[in-house]
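Derivation of every value follows stated rules applied to the coordinates shown; laboratory data play no part. Note that the coordinates shown come from a computational prediction; the quantities given were computed from them, not determined experimentally. FYI the Cβ positions are ideal-geometry reconstructions off the backbone, even for glycines, and counts take in every protein chain you see.
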């Protein structure tokens with residue numbers, strides 16, 4: 001049975017268990033590869049865990065000038081090869097999900113590699129093994145479909161570009177398409193992220209017309 | 001997957017297409033290659049030493065009256081692949097050497113006026129009395145074959 005990774009940010013309770021479990025790993029002890037983001041810290045305690053989505057055609061690897069980011073046969077996007085990474089931060093800027101982070105002390109990019117040492121031998125990633133609310137869930141797709149109301153989505157639309165990922169995001173079952181249009185979501189008025197004056201400019205930018 | 005630009009094929013993002021050599025693999029390659037070369041050298045040296053130390057059979061190679069002073073007779077000893085030279089340097093003195101130059105194994109020839117052996121390949125010279133190097137690229141003297149004269153016969157006494 002093929003195991004997959006599912007993220008449901010709405011289940012996240014902000015307990016930081018995933019962050020601390022990730023920190024335990026010997027290959028990057030003391031540094032968490034899971035980013036626990038606050039959605040809107042002033043208004044809500046809601047948090048969302050960010051792990052690498054493991055894109056089919058990863059932008060981070062595509063832009064790497066040092067050829068340091070590799071994709072395994074299973075589709076797992078590895079962290080930068082330490083001998084090759086030159087710390088240029090191209091991948092940090094290129095990733096649509098904000099996953100790679102530049103670590104100043106090591107002069108290296110480091111990112112989530114789906115605990116490749118564990119998942120390649122059939123174990124769960126550290127974060128998913130400790131998450132108490134299953135906001136980070138690693139298991140069979142059938143099990144998720146059976147136990148959750150939400151449905152998994154792994155196609156993300158950024159303007160005209162569709163990014164397909166190995167990791168799935170759980171979204172509302174009412175979503176009409178299996179696509180999450182991130183660009184239009186950012187522009188949507190109900191989100192209230194953009195002041196009214198900037199909306200038009202942003203729309204032109206996002207549509208690339 | 002879409003057709004890729006040439007430079008993208010040269011820098012594949014997929015692990016199995018990449019010719020990635022870890023430092024450990026490279027170090028192992030260097031170490032094992034050096035070890036193989038070292039062991040090969042040791043093996044050749046031991047083999048050569050064993051071959052040299054095994055005394056060949058005593059054999060009569062010539063009669064005294066066959067050679068005038070300054071004449072040379074070639075023979076093969078201890079096997080048919082080892083050409084050697086028997087030289088009559090003076091009426092009383094005979095000497096026998098391997099004919100293969102110790103530089104790159106070209107056959108040496110005797111120059112009777114100067115009483116030396118000359119290798120024509122790289123102008124190496126060996127003394128006819130004891131086979132020592134006189135000039136040229138060889139570092140080691142010509143291997144000498146011990147002779148004994150019994151009556152009117154010249155015998156090889158074994159070891160090269």
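Give me the Å³ per residue figure for the convex hull around the C-alpha atoms of the range A:4-58. Show your work: numbers first, answer last.
Details: hull volume 6.3 nm³, N = 55.
Convex hull volume per residue, Cα atoms: 114 Å³.
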Which residue fluctuates most in the GNM of chain B (Cα springs below 10 Å): B:14, B:122, B:103? B:14
Please report how far the C-alpha centroid of the range A:1-80 lies from that of the range B:21-72, rounded to the nearest whole angstrom. 62 Å
Please state the equivalent ellipsoid semi-axes for the range B:59-156: what are the square roots of 5 times the Cα gyration tensor eigenvalues, largest first, in whole Å? 22, 15, 10
Other chains' Cβ within 10 Å of A:71-82 residues: what's the mean? 2
In whole Å, what is the distance between the alpha-carbon centres of the range B:125-158 and the range A:83-106? 74 Å
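Per residue of chain A, what 222 nm ellipticity follows from adding -39500 (n - 2.57) for every DSSP H run with n ≥ 4, rounded to the nearest 500?
Helix contribution divided over all residues of chain A: -6000 deg cm²/dmol.
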Pull up the DSSP beta bridges for chain A and report the antiparallel fraction as a percent, rounded to 5. 80 percent
Roughly what % of Cα-Cα distances in the protein assembly as shown sit above 36 Å, to the whole percent? 52 percent
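Report, to two decimal places, the Cα Rg of the range B:23-100 normalised by 2.2 N^0.38 Å (N = number of residues). Spell out each step's value before the answer.
Values: Rg = 21.2 Å, N = 78, 2.2 N^0.38 = 11.5 Å.
Taking the Cα Rg and dividing by 2.2 N^0.38 Å, one obtains 1.84.
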Alpha carbons only, please: Rg and Dmax for the range B:6-53, in angstrom. 19.9, 62
Between the helical axis of B:23-53 and the dominant principal axis of chain B, each derived from Cα atoms, what acute angle in degrees is found, rounded to the nearest 10? 10 degrees
Other chains' Cβ within 10 Å of B:13-19 residues: what's the mean? 5
Taking only the alpha carbons of the range A:45-191, what extent do you get along each of the three principal axes, in Å, biggest first? 46, 39, 33
